[in-house]
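Each remark here refers to the structure printed beneath this line.
The values are calculated or read from the model by the stated rules, or taken from the named source; none is laboratory data. The shown structure was predicted, so the numbers you read here are calculated from the model rather than taken from an experiment. Reconstructed Cβ throughout: ideal geometry from the backbone, glycine too, with neighbour counts over all protein chains shown.
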Amino acid sequence: MKFKVARKTDRCKGCGFCTLICPSRDNCIGCGACVDACPYEARVLEEIWERRKEIEIKVNRERYTVPEGVTVLRALELIGFSILPFKDSKGREVGELSETEILAPCRTGGCWSCAVIVNGDLKPSCVTPVEVGMEIITCREEIEQKEQKRVISGFQGHAVGGVGTPYWIKPRTLGLGFRPIEVACFSHGCILRCPTCQNWEITYSAVEEEPLSPVEAARIMSYERRRFGVDRMAISGGESTLNRRWLLEYLKELKRLNRDEKARLHVDTNAVVLTGDYIDALYLAGATDIGADVKGFEPDTFIEITGIKDRELAKKLMDNEWNAIKYIVENYSDKMFVGIGIPYNEAFISLDEIYKIGERIAGWSPDVQVCALDYRPAFRRMDIRKPSYEDMQKVKEVLEDSGLRCVICQTEFGRLGP
């Protein structure tokens, strides 16, 4: 049988991050977490032909034989489960998946969307090694009786805010001392593989962190709000929306703990897995502010910015992102504060495409806040040039020419506009 095994290449710089985040350091289980996490792209997954010892496990109380040295997710796939990153070929929504389908969007142990019950405890199947005698439950009714978990960290004061932070709260200049305008936490795991990820050390470091329940995370966030003396509480990532049930329970608990009218619950998202009913649920759960990114107008640009190499999946995610943002703007601009983020770096996207993005958004609402983000050298793209202040001035002009009336631009010195 063919097995996937990770190995180093001559591009390795010896940073040690792959070892830090590996879920099975003594025996590679082919999860690929180290491949996605390596900032130098020095790790690759190779398929090898190998005879491995067969071990017996139980899945939903039935006995199966699977190879040792693989993940629980791979073992489930081998016995007939379908593993889906987003939607299946029939276009069904996540909530409509069958009992033999498992959603696994991040594949690095961060989001816990693929969690199953392993020997009585909830575990992320994508990075949990299969073991002899293991008892696995995939029944959703039984899983939902367990306390939900996902990896959240980095609870802290934030001085700049995000895409969904109103411009009048954001500081005009940076470097004048730390003055938080909100508190934020960061969810580990993401469906995208952006080569310029600003938070890559969080996105891919799930194994070393203790997962939190929605109640635990909400209590920590509420404490941080009091400690920093702010009203805004933001969740970012990674990608915060991957684990729908966890996020909705977190917002409900956060709302319960912060009943005063000043409390603002801010969700930061790339919007690629959002649907209309999910957006409705976020609002009903307590979200008051939402910031969503647009990562391209053309499929090639989306692929370049997000690092999604599967063109069919990239097209689905991009279309879903645009549909979600349209739904938010048209249905929630009067109910939540809405901000839209547009990445800019000349290495990824042209000013012509920036104009097309702005024109489409302006067609829905010319007054929605749009924030152009200066994508800087980070993670796997340390070779790109940081956009200058003048570059971002030009971006602002292009977006305003497209018909938008509330444009702000992130720069190295602070914000431009409106």
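Tell me yes or no: at least one residue of the range 24-31 is more than 24 Å from Gly189 (Cα to Cα) and surrounded by 11 or more Cβ atoms within 10 Å (Cβ to Cβ).
no
Does Gly110 qualify as being at negative phi, at pLDDT 95 or above, touching a Cys at 6+ places or on another chain (Cβ under 8 Å) and of a type outside the set (A, V, I, L, M, F, W, C)? Give the derivation first.
On the way: at negative phi: yes; at pLDDT 95 or above: yes; touching a Cys at 6+ places or on another chain (Cβ under 8 Å): yes; of a type outside the set (A, V, I, L, M, F, W, C): yes.
Judged against the criteria, Gly110 is a match.
Are there any pairs, at least 6 apart or on different chains, whose C-beta atoms fall under 9 Å, with the first in the range 382-400 and in contact (Cβ under 8 Å) with a residue 60 or more places away in the chain and the second acidic (Asp, Glu), and if so, which?
Ile384/Glu346
Out of (1) over 30 Å from Gly414 (Cβ atoms); (2) surrounded by 21 or more Cβ atoms within 10 Å (Cβ to Cβ); (3) at pLDDT 95 or above; (4) under 18 Å from the mean Cα position of the chain (by Cα), the odd one out for Glu253 is which?
(4)
With the requirement that a residue be over 20 Å from the mean Cα position of the chain (by Cα) and part of a loop (DSSP other than H, G, I, E, B), what does the range 161-176 give you?
Within the range 161-176, Pro166, Tyr167, Trp168, Ile169, Lys170, Pro171, Arg172, Leu174, Gly175, Leu176 qualify.
Hey, can you tell me all the residues within the range 236-285 that are among the small types (Gly, Ala, Ser), touching an Asp or Glu at 6+ places or on another chain (Cβ under 8 Å) and farther than 14 Å from Pro214 by Cβ?
Ser236, Gly237, Ala263, Ala271 - these are the residues of the range 236-285 that are among the small types (Gly, Ala, Ser), touching an Asp or Glu at 6+ places or on another chain (Cβ under 8 Å) and farther than 14 Å from Pro214 by Cβ.
Let's see how each residue does on (1) at pLDDT 95 or above; (2) in a loop (DSSP other than H, G, I, E, B); (3) among the aliphatic types (A, V, I, L, M); (4) in contact with a strand residue (DSSP E or B) (Cβ under 8 Å, 6 or more places away or on another chain):
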residue	(1), (2), (3), (4)
Ile220	yes, no, yes, yes
Glu224	yes, no, no, yes
Ala234	yes, no, yes, yes
Leu247	yes, no, yes, yes
Gly291	yes, no, no, yes
Ile303	yes, no, yes, no
